[in-house]
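Below is one structure, written out as structure tokens, with a few remarks after it.
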Amino acid sequence: MSLAEREISLLREYSTRLIADVVTGKLDVRAATSSLPDEVEEPKPVEEAQPLDEADAAQAEESSDMEQEYTEADVD
């Protein structure tokens with residue numbers, strides 16, 4: 001498993017746990033939101049993307065295929 005795949009897995013696990021904690025009342029959302037800033041900085045515009053080389057394009061295609069399989073598995 002690559003580092004990126006591991007990080008994605010951990011973020012999904014964190015997201016699931018966070019949602020479960022909010023739903024079950026283990027996390028008080030009111031207390032958590034009280035420490036948020038009043039204003040959010042506007043995101044900076046993304047610079048123009050560089051074209052993918054062949055290896056990057058193949059990896060992006062493979063990742064897209066894997067996401068599609070994951071999504072289809074969730075639906076079934």
State yes or no: is V29 surrounded by fewer than 10 Cβ atoms within 10 Å (Cβ to Cβ) and among the β-branched types (V, I, T)? no
Take E7 and decide whether it is modelled with pLDDT of 75 or more and not in a helix (DSSP H, G or I). no
Would you be able to tell me the number of residues in the stretch 1-26 that are surrounded by 10 or more Cβ atoms within 10 Å (Cβ to Cβ) and either touching a residue at least 60 places away in the same chain (Cβ under 8 Å) or among the polar types (S, T, N, Q) (or both)? 3
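The values are calculated or read from the model by the stated rules, or taken from the named source; none is laboratory data. None of the values given here were measured: they were computed from a predicted structure. Please note: Cβ atoms are built from the backbone with ideal geometry, for glycine as well, and neighbour counts cover all protein chains shown.
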